Amino acid sequence: MHERQFTPFRLVAATAALAFCATAGAAQVRIAVSIENLAPTNSISFAPLHVGFNNGTFDAFDNGATASNAIISVAELGGGTEWQTAFAAADPTATRGAIGGALLPGQSNSATFLVDTSSNPFFTFAAMALPSNDSFIGNDSPTQYRLFDATGNLLIASILQKASDIWDAGSELFDPANAAFLGDATLRTPENGVVGFDFAGLAGFNGLTTAAGYVFNSALAADSDVYRISFQVVPEPETFALMLPGLLAIGWVGRRRRSQSAESALSPG
């Protein structure tokens, strides 16, 4: 008799659970992206982080190659207009955007994006390092960071960048007078070099006062943590609505069971 009483509530709970699973496995998910500047106090800051959830076809730059106009627009001025335009042309269905303004040491920021995980499982990013003439962080290979598996589950919780991951675009000669965050960044002297790793050159700005008012001191070693990008799937409001009946039913059944057990224990044999 007790089983017949509890069955409707179990069915509600099971139905809600199945609905929740269907929602969780849907192609579109809302994902929160958080960024943190981990560099030492008075060390490097960062321009806005340009991001794209994509199919893995947009390749902004290559190690050892001449910098494209797309990555130059990030590395020299931070604005990234040509990066965004090139991204949209290469992958029209990508979800793109930018997070925050200037990110000083110790600061953080975040933004939320609606992503189709089936068509855009990869994550691409780029941000200018400040101060510099053409330094930046970003992923060389467009398929380096696969965020979602085939069923839409999150594969990566965070991406950590160290000082040794900082790139030099090789497009503009070192000159503090023309460096972003220090001088007139609209002025430049072409370097005609190639993209390569180089964080050590940032120490050349030591002792200069930045646009944020602090005196710059790189204080970076190759293994210094400088930047973290974190990911978290944000449940849609309807997900909680689907779960609620099941959770309430499960709680009700649990209370009824405990009550029945207590009554049985108190009943005379």
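The values are calculated or read from the model by the stated rules, or taken from the named source; none is laboratory data. In this text the structure is predicted, and so the values were computed from the model without any measurement. Note that each Cβ is placed from the backbone with ideal geometry, even for glycine, and that neighbours are counted across all protein chains shown. All accessible areas refer to the heavy atoms of the entire protein, side chains included, with ligands and DNA or RNA removed. Shrake-Rupley method; radii C 1.70, N 1.55, O 1.52, S 1.80 Å.
One equal scatterer on each Cα of the stretch 50-101, no solvent, Debye formula: the resulting log10 I(q)/I(0) at q = 0.14, 0.25 Å⁻¹ is -0.33, -0.99. Heavy-atom surface analysis with a 1.4 Å probe gives the stretch 106-154 a carbon and sulfur content of 44 percent of its accessible area.
Near LEU160, within a Cβ-to-Cβ distance under 10 Å, what is the net charge of the other residues, with Lys and Arg +1 and Asp and Glu -1? Can you show the working numbers first?
Numbers: positive: LYS162, ARG228; negative: GLU36, ASP165, ASP225.
Once positives and negatives cancel, what remains is -1.
Amide H to amide H, with H built 1.01 Å from N, LEU49 comes under 5 Å of ILE99, counting only residues 5 or more places away or on other chains. Taking 0.36 nm per residue of sequence separation and removing the Cα-Cα distance, the SER34/LEU154 pair yields an extension gain of 41.7 nm. Shape class of the stretch 74-122 from the Cα gyration tensor (axes a ≥ b ≥ c, square roots of the eigenvalues): oblate, since a/c reaches 1.5 or more and a/b does not exceed b/c.
Model label points for THR57 and ARG146, set 7 angstrom from Cα along the Cα-to-Cβ axis, are 1.9 nm apart. When the Cα gyration tensor is reduced to axis lengths a ≥ b ≥ c, the ratio a/c is 1.5 or higher for the stretch 42-194, and with a/b above b/c it is classed as prolate. Calculated FRET efficiency, THR112 to ALA65, Cβ-Cβ distance, R0 = 41 Å: about 0.75 to the nearest 0.05.
With the cut-off at 1.5 for a/c, could you classify the stretch 20-129 from its C-alpha gyration tensor as rounded, prolate or oblate? It is oblate, given that a/c is not under 1.5 and a/b is not larger than b/c.
Run the numbers on the stretch 73-135 and let me know its relative contact order in percent, using alpha-carbon pairs under 8 Å that are six or more apart. It rounds to 46 percent for the stretch 73-135. Using θ = phi - 60° in the Karplus curve 6.51 cos²θ - 1.76 cosθ + 1.60, the 3J(HN,Hα) couplings for the stretch 128-140 round to 6, 8, 10, x, 5, 8, 7, 9, 7, 10, x, 9, 5 Hz; x is entered for Gly and Pro.
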